[in-house]
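Undergrad: Mind having a look at this structure? Questions to follow.
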Amino acid sequence: MNRKNYRKLCELAADGDRRAIINLESHTQGEVLSCHHNYFNVRVGDGWEVWDRRICEPTIMTRESRDREDAMIDFQI
């Protein structure tokens, strides 16, 4: 993900508007909770992970998939 999109997602997360991203290496998706030094803190299932912005892209997460750790969506925006 480029820096412009990273900053935008970080601003949204700081305002409480959580957006979904996908990790392109693990093909896992989660919600951005916060950001720090080019990394995302991402809610995945019942836990959280830290992902480098360079291996992430925005995605769409449905309410049903948000509750499932293994859920995937095959398209990106």
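Undergrad: Along Cα→Cβ, 7 Å out, is where each label goes; now give me the distance between the ones at LYS4 and ARG54 in nm to one decimal.
TA: That separation, rounded to one decimal, is 2.0 nm.
Undergrad: Also: Percentage of Cα-Cα pair distances in the stretch 8-64 greater than 13 Å, rounded to whole percent?
TA: Result: 54 percent of Cα pairs exceed 13 Å.
Undergrad: Calculate the spin-label point distance for ASN38 paired with GLU11, positioning each point 7 Å from the Cα along the beta-carbon direction, and give it in nanometres.
TA: 2.1
We did not get these values from a lab; they are worked out from the coordinates using the rules stated. Bear in mind the structure is a predicted one, so any value in this text is a computation, not a measurement. Because the Cβ atoms are built from the backbone with ideal geometry, glycine has one as well, and the counts that use them run over all protein chains shown.
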